[in-house]
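A short worksheet on the structure shown next.
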């Protein structure tokens, strides 16, 4: 019985170590590509600029997507939280303002492109591969702002 308890404790500790190793990546580790950020910038200009502004400063009731307020809000959270916020609350037609029909949701690929653009605009470096769209991957990357 005692061995089982010890073995369970060792396995639990190993699991926690593996979990922390999986979440050790940050947005400062080049988690998106330059090409993806460019696609995101084009999508932003087409779909988001009306409400969030040319410099991502936020307009009307829309929150800023750059600067200290934005970075402080997301600091330390995993990228899946930012991804899902955009994916579930924004639409592919500027929050329904462009078309007269029902708003169209952003695809997961479009959402990843927008997140890549936000990371780029906020000073996080690009890498060699696109940011993924799967929650289990995005949950392993924490939002970390550039240090001055």
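Quick one: in the stretch 116-126, which of the residues that are touching a strand residue (DSSP E or B) at 6+ places or on another chain (Cβ under 9 Å) and part of a loop (DSSP other than H, G, I, E, B) is nearest to residue 27 (Cα to Cα)? Ranking the candidates gives 124 first. Of 41, 4, all but one fail to be touching a helix residue (DSSP H, G or I) at 6+ places or on another chain (Cβ under 9 Å) and either at pLDDT 90 or above or outside any loop (DSSP other than H, G, I, E, B) (or both); the exception is 41.
The criterion of being more than 22 Å from residue 56 (Cα to Cα), at pLDDT below 95 and part of a loop (DSSP other than H, G, I, E, B) does not hold for residue 129. One residue stands out in the stretch 132-148 among those that are in a loop (DSSP other than H, G, I, E, B) and in contact with a helix residue (DSSP H, G or I) (Cβ under 6 Å, 6 or more places away or on another chain): the one that is surrounded by the most Cβ atoms within 10 Å (Cβ to Cβ), namely 143.
For the stretch 44-64, which residues satisfy the criterion of being touching a residue at least 60 places away in the same chain (Cβ under 8 Å) and in a helix (DSSP H, G or I)? Hit for the stretch 44-64 is 44, nothing else.
The values are calculated or read from the model by the stated rules, or taken from the named source; none is laboratory data. This one's a predicted model, so the numbers in the text were calculated from it and none came from an experiment. Note that we place each Cβ from the backbone using ideal geometry, even for glycine, and neighbour counts take in every protein chain shown.
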